[in-house]
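The values are calculated or read from the model by the stated rules, or taken from the named source; none is laboratory data. Please read all numbers here as calculations on a predicted model, not as lab measurements. Note that we place each Cβ from the backbone using ideal geometry, even for glycine, and neighbour counts take in every protein chain shown. Heads up: the accessible areas ignore ligands, DNA and RNA and are worked out on the full protein's heavy atoms, side chains in. Shrake-Rupley method; radii C 1.70, N 1.55, O 1.52, S 1.80 Å.
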Amino acid sequence: MVDRSGWGRDRAVPTGSPHSPPAWFTEQANVTDSSVYETFETDWPACWERAADLLSWDQPYDTVLNDDEPPFYEWFTGGKLNAAYNCVDRHLESGRKNHVAIRWEGKHGERQTYTYRDLYVEVNEFAAALRGLGVEEDDVVTIYLPMIPELPIAMLACARIGAPHSVVFAGLSADALATRMDAADSEYLVTCDGYYRRGDAFNQKTKVDNARLALEADIETVVVDRLGDDLPHVLGENEHDYHDLRDQHAGETVDPVARDAEDMLFLMYTSGTTGEPKGVVHTTGGYLSHVAWTSHAVLDIEPEDTYWCAADIGWITGHSYIVYGPLALGTTTVMYEGTPDYPDRDRLWEIVDRNAVDIFYTAPTAIRAFMKWGTEYPERHDLSSLRLLGTVGEPISPRPWRWYHEHIGGGECPVVDTWWQTETGAVVISTLPGVDEMKPGAAGPGLPGIEATVVDDTGTPVEPGETGYLVLEQPWPGMARTLYDGNERYREEYWTRFSDPDEDVWRYASGDAATVDDDGYITVLGRIDDVINVSGRRLSTMEIESAVTDVTGVAEAAVVGRSSETGNTEIYAYVSTEGGYDPGTSIREAIIDSIDATIGPIAKPSEVVFTPELPKTRSGKIMRRLLEDIANGAELGDTSALRNPEIVGEIQAERGD
Ligand code: WTA
């Protein structure tokens, strides 16, 4: 048995009894033949051609996988393609120009529909506008927009001209924006004046102004006027109104640039184990093939479907499964602005009902909230259009799984629990809904062509039921190719711990803990590194800690995750202040403000506990595990290794234990 100290805190849940997919589903599913697993295994890596075959290539590739220099793999080398062409133009050419590409549901009941033809016009005009501003192939364009149609349009416009985009989640702070732009050497920004949050107008432009002040380069900035008279704004130097700019290029078209399969499609910053966010690099050919294939095989998307992934495009889930995957397949993708409980807690079900949504994909944190709100909200609506449900972002335990299956899926729709990461680009562990049994609580086996295993400290596979590290044994097309800040960090973060270069063994270390059943189904338990998963969003404890220690008067800080009663993870901060400093309310406020300013409100702690000192080992290392146990009210292990054991009682007293 593996030493469990240092594992993620997410509880190991026993999986529930299996469900077979109903016959009506398997009869119509895109992938129904269980021999697909064997085909991929015997024909690996050539099997991945079937993913690439879902795309249109300007020039065919000559090698499926180039593994000459692991871990720097290359997929579909020699091939050329354009992602925007694949997501837009080719659907016009196949006679589907009037098919709806995007249905947008605005915060205040506004609705907009873009056919593939409309999307083609918008993407071309904005691509021409970007060119007009001087954007060239390979220039990184940062996009800092909320869930409005201009966001996917801007992404596709970048893809059309071969300019990688770097989308920064709109809720992140000015500092976070500036850090990411600086790290990516990005001199172009697409943003907006503001957006609505629970009915209030929220100013985004001020954050942009602050970020620009912090950057040395002149940033050409395009501003979408989202709020009109609700937030009048003045454009300064190098600032352009999105719609004026687009109108200046009305009717223009731009030829899609044929990109090498391995050329960068986008960059996505995510939290890592250090304070510096990691710029994950995704390429054009492998990424797009993998998201298209999993949209087809796992999400079972067909062109005639109305498909809805209720995530934010500012994170990887939205990139892969609101924008690139569904649009590559030519389906109708729904995007919505706002929150599930505004104007009422039936917002999502009203949207499903009105649009006759076939496939719905969300996160466990949302499902737990729906469960808490009760069945009366989904019961107000007709959800019978649904065919398949999906979840992503966190472990889902059997109870919410069953609730989702029963109250949203009417006990009829298969549920896919899809495990993947920003770095994997697309789903790598899940059941195939038309083939496999579902086991509530377990994500499933590795997809065909993916070998996912659970290993101990020495890299030996653990016995079924035992906890270990989740690793991937083979490369896959959607994998990140490197980190923008360097190959070394990429190798170090993911390919060192369980690889053995002398033996030519290369294993991708996911950073998650998991167990595996004897039938190969994997139950993911959560992160084992210094990353906390809050409502499906990755936050680095070190990044939060450095925001806390920036505050005058703070000596040291340690941030841990705590499971709330509802099963959500909350942020818990322990802070020691400089000698004699009175930790009054002002310092507490200053801590929250600093986190807000450097990361954003999503990293706000649920609790800040002041302590004279943090518990430390004799070598001076903060005992995070102990702090995590205290936060979770768990039984404390042996504290004798502490240099200052008395502090534990003091912290507990402060917490009121
Ligand atoms: C977690 C989101 C359990 C996991 C796509 C992973 C999951 C991290 C699941 C990646 C799942 C994602 N079951 N845990 N089905 N899906 N995770 O990069 O800890 O934002 O490492 O990508 O989310 O988060 P990221």
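Here E150 fulfils each of the conditions (1) over 15 Å from M335 (Cβ atoms); (2) acidic (D, E); (3) buried (at least 22 other Cβ atoms within 10 Å of the Cβ) apart from (1).
Of the residues that make up region 173-181, is at least one closer than 20 Å to E237 by Cβ, among the aliphatic types (A, V, I, L, M), without any contact (Cβ under 8 Å) to a residue 12 or more places away in the chain and in a helix (DSSP H, G or I)? Within region 173-181 (the criterion being closer than 20 Å to E237 by Cβ, among the aliphatic types (A, V, I, L, M), without any contact (Cβ under 8 Å) to a residue 12 or more places away in the chain and in a helix (DSSP H, G or I)), the answer is no, since none of the residues qualifies.
Against the test of being within 16 Å of the ligand (Cβ to nearest atom), on the phi > 0 side of the Ramachandran plot and either buried (at least 22 other Cβ atoms within 10 Å of the Cβ) or not aliphatic (A, V, I, L, M) (or both), the options G526, G553 yield a single qualifying residue, G526. One residue stands out among those in region 410-425 that are near the ligand (Cβ under 9 Å from one of its atoms) and part of a loop (DSSP other than H, G, I, E, B): the one that is surrounded by the most Cβ atoms within 10 Å (Cβ to Cβ), which is W420. Scoring T515 on the criteria (1) in contact (Cβ under 8 Å) with a residue 24 or more places away in the chain; (2) open to solvent by 30 Å² or more (accessible area, probe 1.4 Å); (3) among the β-branched types (V, I, T) leaves a single failure, condition (2). Given the criteria surrounded by fewer than 21 Cβ atoms within 10 Å (Cβ to Cβ), part of a helix (DSSP H, G or I) and away from the ligand (no atom under 16 Å from the Cβ), does D502 qualify? Yes; evaluated as a whole, the condition is true for this residue.
Take G637 and decide whether it is open to solvent by less than 60 Å² (accessible area, probe 1.4 Å), within 30 Å of R180 (Cα to Cα) and of a type in the set (G, A, S). Answer is no for this residue.
Against the definition (open to solvent by less than 30 Å² (accessible area, probe 1.4 Å), touching a strand residue (DSSP E or B) at 6+ places or on another chain (Cβ under 6 Å) and in a helix (DSSP H, G or I)), how does R160 come out, yes or no?
Spelling it out, it is not the case that R160 is open to solvent by less than 30 Å² (accessible area, probe 1.4 Å), touching a strand residue (DSSP E or B) at 6+ places or on another chain (Cβ under 6 Å) and in a helix (DSSP H, G or I).
Flag not set for P445, criterion: in contact (Cβ under 8 Å) with a residue 40 or more places away in the chain and either away from the ligand (no atom under 15 Å from the Cβ) or open to solvent by less than 10 Å² (accessible area, probe 1.4 Å) (or both). Residue-level analysis places G567 among those that are within 16 Å of the ligand (Cβ to nearest atom), in contact (Cβ under 8 Å) with a residue 24 or more places away in the chain and either part of a loop (DSSP other than H, G, I, E, B) or open to solvent by 40 Å² or more (accessible area, probe 1.4 Å) (or both). Filtering region 46-83 to residues that are within 21 Å of V257 (Cα to Cα), in a strand (DSSP E or B) and open to solvent by 10 Å² or more (accessible area, probe 1.4 Å) leaves Q59, E74, T77, K80. Return yes when D244 is within 25 Å of Y324 (Cβ to Cβ) and surrounded by fewer than 19 Cβ atoms within 10 Å (Cβ to Cβ) and no when it is not. So D244 fails the test. Report whether or not D300 is among the charged types (D, E, K, R) and surrounded by 24 or more Cβ atoms within 10 Å (Cβ to Cβ). Yes; evaluated as a whole, the condition is true for this residue.
From the list E136, E122, pick out the single residue that is assigned to a loop (DSSP other than H, G, I, E, B) and either surrounded by fewer than 24 Cβ atoms within 10 Å (Cβ to Cβ) or touching a Pro at 6+ places or on another chain (Cβ under 7 Å) (or both).
Within the list E136, E122, the selection yields E136.
Restricting attention to region 381-409, and to residues there that are of a type in the set (D, E) and in a loop (DSSP other than H, G, I, E, B), which single residue is nearest to the ligand (Cβ to nearest atom)? Filtering region 381-409 for residues that are of a type in the set (D, E) and in a loop (DSSP other than H, G, I, E, B), the one nearest to the ligand (Cβ to nearest atom) comes out as E394. Any idea which residue in region 517-551 is nearest to P601 (Cα to Cα), counting only those that are more than 18 Å from the chain's Cα centre (by Cα) and part of a strand (DSSP E or B)? Restricting to residues being more than 18 Å from the chain's Cα centre (by Cα) and part of a strand (DSSP E or B), the top hit is T523.
Of all residues in region 100-145, those that are more than 23 Å from S166 (Cα to Cα), among the polar types (S, T, N, Q) and under 26 Å from the mean Cα position of the chain (by Cα) total 2.
Conditions tested, residue by residue: (1) assigned to a loop (DSSP other than H, G, I, E, B); (2) open to solvent by 10 Å² or more (accessible area, probe 1.4 Å); (3) at positive phi.
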{"residue": "I322", "(1), (2), (3)": "no, no, no"}
{"residue": "G330", "(1), (2), (3)": "yes, no, yes"}
{"residue": "V334", "(1), (2), (3)": "no, no, no"}
{"residue": "G338", "(1), (2), (3)": "yes, yes, yes"}
{"residue": "Y342", "(1), (2), (3)": "yes, yes, no"}
{"residue": "R345", "(1), (2), (3)": "yes, yes, no"}
{"residue": "L348", "(1), (2), (3)": "no, no, no"}
{"residue": "D353", "(1), (2), (3)": "no, yes, no"}
{"residue": "V357", "(1), (2), (3)": "yes, no, no"}
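Applying the criterion of at least 1 residues that are more than 27 Å from R537 (Cα to Cα) to the strands (runs of 3 or more DSSP E) found wholly in region 227-291 leaves 239-241.
In region 642-657, the qualifying residues are those that are under 11 Å from T617 (Cβ atoms) and open to solvent by less than 50 Å² (accessible area, probe 1.4 Å), and the one that is modelled with the highest pLDDT is N644.
Within region 603-619, being farther than 16 Å from S546 by Cβ and either touching a Gly at 6+ places or on another chain (Cβ under 9 Å) or in a loop (DSSP other than H, G, I, E, B) (or both) holds for S606, T611, P612, E613, P615, R618, S619.
Every condition in (1) within 12 Å of the ligand (Cβ to nearest atom); (2) over 22 Å from G441 (Cα atoms); (3) surrounded by fewer than 22 Cβ atoms within 10 Å (Cβ to Cβ) holds for L539 except the one numbered (3). Summed over region 427-441, residues that are more than 9 Å from the ligand (Cβ to nearest atom), touching a residue at least 60 places away in the same chain (Cβ under 8 Å), under 28 Å from M268 (Cβ atoms) and among the hydrophobic types (A, V, I, L, M, F, W, C) total 1.
I need a count of the residues in region 95-115 that are in a loop (DSSP other than H, G, I, E, B), modelled with pLDDT of 95 or more and open to solvent by 40 Å² or more (accessible area, probe 1.4 Å).
Of the residues in that region, 3 qualify.
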